[in-house]
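Written below as structure tokens is the structure these notes are about.
Quick note: the coordinates plus some simple rules give every number you see, no bench work behind them. Model, not experiment: these values are computed from the prediction. FYI the Cβ positions are ideal-geometry reconstructions off the backbone, even for glycines, and counts take in every protein chain you see.
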Protein chains: 2
Amino acid sequence: MKKLEEYIKANGQIISDDILKVDNFLNQLVDVNLLSEMAHTWYEEFKNQGVNKILTIEASGIAIATMVASVFKVPLLFAKKSKTTNMSNNLYQAKVFSFTHQKENVIAVDKSYLTKDDKVLIIDDFLANGQAVLGLMELARQAGANVIGVGIAIEKGFQKAGDMLRSKGFNIKSLAIIDKMDPSSKEIIFR
Amino acid sequence: MKKLEEYIKANGQIISDDILKVDNFLNQLVDVNLLSEMAHTWYEEFKNQGVNKILTIEASGIAIATMVASVFKVPLLFAKKSKTTNMSNNLYQAKVFSFTHQKENVIAVDKSYLTKDDKVLIIDDFLANGQAVLGLMELARQAGANVIGVGIAIEKGFQKAGDMLRSKGFNIKSLAIIDKMDPSSKEIIFR
């Protein structure tokens, strides 16, 4: 998506060769006009596939996924994070390792909110090592729900999780795929 | 707002005489049609007051505030929570005590995202003891920003923070105010 790439070039901060900060339009201060265009792009990709629920993970996925749910006119479901598993019988749970924070979180959704009748579109802000998306897919698997596809704002193409998921047959629609970024020259190469 | 009161009566779970669970339409599974109606209600209240930024706190405020920002066509800013203050010079920070989790969080926004030129509408899902709203107001105060008003989905009227803030002259627009709820009879009395 050209506009997202332009936003990244104009506003993104390359912290290191694998960390990109987009707090100023996507992750803390959020440009809702951009979100709306992003949501419509995913809608064009997935609109004829019976999506009936948008699934994301707190906290940074929620704003994007809310706009997507609004365009699809279906409910939004967000998995909650906790540091420990509470072993509730009423939760689907999956472990997600955060490389950013170097700790393992358990993500969970209430069993009554995700069922075998659901056709889910997973939405998240970043795809790097794929831990969050794999955790959300695991929740869907436990529920017997069908994952129609995955919408990602920014994929770090050099970290390979996107290619790995595509090779398994998943429809991963990333709006910007970064193949390389250089903190000294500030250059970003999109796929 | 009649529709929100009806949703609360039909779907809310009264856990105790001061805890109401609305995970099934507002706080985990999110009904975006309801959010849209809520956002338009706040828009009617605040549309002529120059609001140029919507301010909330992660995580449960984000979905609601995203929809509000979309209706106002202004950016969304969400304060981040952390357990410790990192004393960054680039952050406005405030302490917020969570009675639900019995711990103190520090909430923070990057200084460049909130300025003295901002006219802020604060949005949150619940108003009970007022800690979150007071924390967000404190961030605005540090930035010199003007708080135009506060939009709350569900106010626990029996916990008095709403009345305290109104007595100080703030425009608090709660869409449903619960004056009493009874976990045994399941009765909810709205103001």
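A compact table of results
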| item | result |
| --- | --- |
| Calculated from backbone phi, Karplus (6.51, -1.76, 1.60) coupling profile of the range B:119-133 in Hz, x at Gly/Pro | 10, 9, 10, 8, 10, 8, 6, 10, 10, 10, 8, x, 4, 5, 5 |
| Label spacing, shortest first and in nm, from A:K21 to its equivalents in the remaining copies (7 angstrom along Cα→Cβ) | 3.9 |
| Ratio Rg/Rh [Cα only; Rh per Kirkwood] for chain B | 0.95 |
| DSSP bridge orientation in chain A - percent antiparallel, rounded to nearest 5 | 45 percent |
| Between 0 and 90°, nearest 10: helix B:62-72 axis offset from chain B longest Cα axis | 70 degrees |
| Exercise: per-residue mean of other protein chain Cβ atoms within 10 Å, B:62-74 | 6 |
| Cα-based helix-to-principal-axis angle, A:2-11 vs chain A, degrees rounded to 10 | 60 degrees |
| The range B:145-191 and the range B:1-80: distance between their alpha carbon centers, rounded to Å | 13 Å |
| Alpha-carbon spread of the protein assembly as shown, three principal axes, descending order, Å | 57, 48, 36 |
| Chain A: calculated mean residue ellipticity at 222 nm from DSSP helix runs of at least 4, using -39500 (n - 2.57) | -9000 deg cm²/dmol |
| 7 Å along Cα→Cβ, label-point gaps from A:N89 to other copies, nm, shortest first | 5.7 |
| Radius 9 Å from Cβ of A:M181, net charge of other residues (Lys, Arg +1; Asp, Glu -1) | -2 |
| 10 Å Cβ neighbours from other chains, averaged over peptide A:144-152 | 0 |
| Length-normalised contact order of the range B:37-158 in % [C-alpha pairs under 8 Å, at least 6 apart] | 27 percent |
| Ascending list, in nanometres, of distances separating the A:I189 label from those of the other copies (7 Å, Cα toward Cβ) | 7.0 |
